[in-house]
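The values are calculated or read from the model by the stated rules, or taken from the named source; none is laboratory data. A quick note: this is a predicted structure, and the numbers were derived from the prediction, not measured. Cβ coordinates were reconstructed from backbone atoms using ideal geometry, including for glycine residues, and neighbour counts include every protein chain displayed.
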């Protein structure tokens, strides 16, 4: 049996540890010590040095006691702000914060479930293959830990990420690629009262480009949003520059490319109509995650859910996670729910029954094949 009281204690201990992105050293120390006390092999990689973090990813290896291919389980250590000084409140089965911060179940619930599953197998002497536990840094700020992890440090073909909400058994099989976009509009300055006709307003140029764009919900798989716009100086000068930041996401790489081309074309058309020039640049922040229908890892998840009486459900997701990055690195990846709710808000909460069921599911997936 999994230890529900220990699971709750470990979860509460972890959410009290401050771990904003790039400042996860205390959390890394906690996990390294936790593993060392159980004679698991733990190390911290170089990812933090590559992204100016104060620590790297924690990678734990638990030596196999039975047959089967090595498999990894992953969750991230960092939390979104406000996440300093979290004071968890337990009300029956539900854990929340006092309301001034997030709870941090995203993703310390995933970590707690993974650790409890591994301890359960060890204590009950249940055979399992080599297990790798990957606890990453800076996921919330751009998956920097996963991006900077050396694949040689995770010598497996399959990774189970626990960083999603919904009922336990919900399994993310599609998640979008995301492009971060920066558009700089260049006009021509002039005195706005004496000779405005000699100027080209970068702000007007931006407005015309935006007017032409199809944005927000593009289709069932694609979105685009404008996040921030800034330009000009004072009212008596025709604005020389204006900068816009935006994003586009899609579950389909071809659709994402089409949306980016559409937005750039709108900018070109605005420049042709009004004058000035435009610099349109973008960077693919993370690739799309698409789990094949015949994925052995997906089938294994479905079978384990059925065995435990959990309702398996392959679902799409509108956001990215470390699963996207690991998929892009060539791993077979799924992202399973740990039950977190209202994440990234001060109303965040989680049911410990859900965390317990997530641990049950991962323990089942960790076992050697029968």
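Tallying residues that are under 30 Å from residue 204 (Cβ atoms), loosely packed, with under 15 Cβ neighbours inside 10 Å, more than 20 Å from the chain's Cα centre (by Cα) and touching a residue at least 60 places away in the same chain (Cβ under 8 Å) within region 270-318 yields 3. What about residue 236, is it under 17 Å from residue 320 (Cα atoms) and surrounded by fewer than 16 Cβ atoms within 10 Å (Cβ to Cβ)? The answer is no for residue 236. When restricted to residues that are under 20 Å from residue 174 (Cα atoms) and in contact with a helix residue (DSSP H, G or I) (Cβ under 8 Å, 6 or more places away or on another chain), region 307-330 contains 8. For region 94-103, the count of residues that are in contact (Cβ under 8 Å) with a residue 12 or more places away in the chain, crowded, with 24+ Cβ neighbours inside 10 Å, over 21 Å from residue 348 (Cα atoms) and within 24 Å of the chain's Cα centre (by Cα) is zero.
Residues to consider are 117, 146; find the one that is over 19 Å from residue 25 (Cβ atoms) and in contact with a helix residue (DSSP H, G or I) (Cβ under 8 Å, 6 or more places away or on another chain).
Numbers: 146 fails: over 19 Å from residue 25 (Cβ atoms).
Going through 117, 146 in turn, the sole match is 117.
Among the residues examined, residue 54 qualifies as touching a helix residue (DSSP H, G or I) at 6+ places or on another chain (Cβ under 9 Å), at pLDDT 95 or above, within 21 Å of residue 325 (Cβ to Cβ) and surrounded by fewer than 17 Cβ atoms within 10 Å (Cβ to Cβ).
For region 25-32, the count of residues that are over 20 Å from the mean Cα position of the chain (by Cα) and farther than 28 Å from residue 349 by Cβ is nonzero.
At least 1 residues being in contact (Cβ under 8 Å) with a residue 12 or more places away in the chain and out of contact with any strand residue (DSSP E or B) (no Cβ under 7 Å at 6 or more places or on another chain) is the threshold, and among the strands (runs of 3 or more DSSP E) wholly inside region 167-266 those reaching it are 216-219.
Test residue 156 against the stated conditions and say whether it is under 21 Å from residue 331 (Cβ atoms), assigned to a loop (DSSP other than H, G, I, E, B) and more than 20 Å from the chain's Cα centre (by Cα).
On the way: under 21 Å from residue 331 (Cβ atoms): yes; assigned to a loop (DSSP other than H, G, I, E, B): yes; more than 20 Å from the chain's Cα centre (by Cα): yes.
For residue 156, the condition - under 21 Å from residue 331 (Cβ atoms), assigned to a loop (DSSP other than H, G, I, E, B) and more than 20 Å from the chain's Cα centre (by Cα) - is met.
What tally of residues in region 298-341 results from selecting those that are assigned to a loop (DSSP other than H, G, I, E, B) and at pLDDT 95 or above? Quick ask: steps written out before the conclusion?
Narrowing region 298-341 to residues assigned to a loop (DSSP other than H, G, I, E, B): 309-312, 317-321, 329-331.
From the residues that got through so far, the ones that are at pLDDT 95 or above too are 309-312, 321, 329-331.
The total comes to 8.
Quick check: anything in region 71-82 in the same structural domain as residue 51 (by TED's automatic domain parsing), over 20 Å from residue 29 (Cβ atoms), exposed (fewer than 15 other Cβ atoms within 10 Å of the Cβ) and under 22 Å from the mean Cα position of the chain (by Cα)? There is at least one residue in region 71-82 that is in the same structural domain as residue 51 (by TED's automatic domain parsing), over 20 Å from residue 29 (Cβ atoms), exposed (fewer than 15 other Cβ atoms within 10 Å of the Cβ) and under 22 Å from the mean Cα position of the chain (by Cα). Of all the listed residues (146, 118, 113, 138), the sole one being surrounded by fewer than 24 Cβ atoms within 10 Å (Cβ to Cβ), under 21 Å from residue 17 (Cβ atoms) and in the same structural domain as residue 12 (by TED's automatic domain parsing) is 118. The numbered conditions (1) in a helix (DSSP H, G or I); (2) within 30 Å of residue 189 (Cα to Cα) are all true for residue 279 except (1). If only residues of region 26-51 that are more than 23 Å from residue 152 (Cα to Cα) and in contact (Cβ under 8 Å) with a residue 24 or more places away in the chain are counted, the one that is surrounded by the fewest Cβ atoms within 10 Å (Cβ to Cβ) is 38.
Here residue 368 passes the criteria (1) closer than 21 Å to residue 169 by Cβ; (2) modelled with pLDDT of 95 or more except the one numbered (1). Number of residues in region 319-351 that are under 26 Å from residue 120 (Cβ atoms) and surrounded by fewer than 21 Cβ atoms within 10 Å (Cβ to Cβ): the value is 5.
Among the residues making up region 1-15, those that are touching a residue at least 60 places away in the same chain (Cβ under 8 Å) and surrounded by 14 or more Cβ atoms within 10 Å (Cβ to Cβ) are 2, 3, 4, 6, 7, 8, 10, 11, 12, 14, 15.
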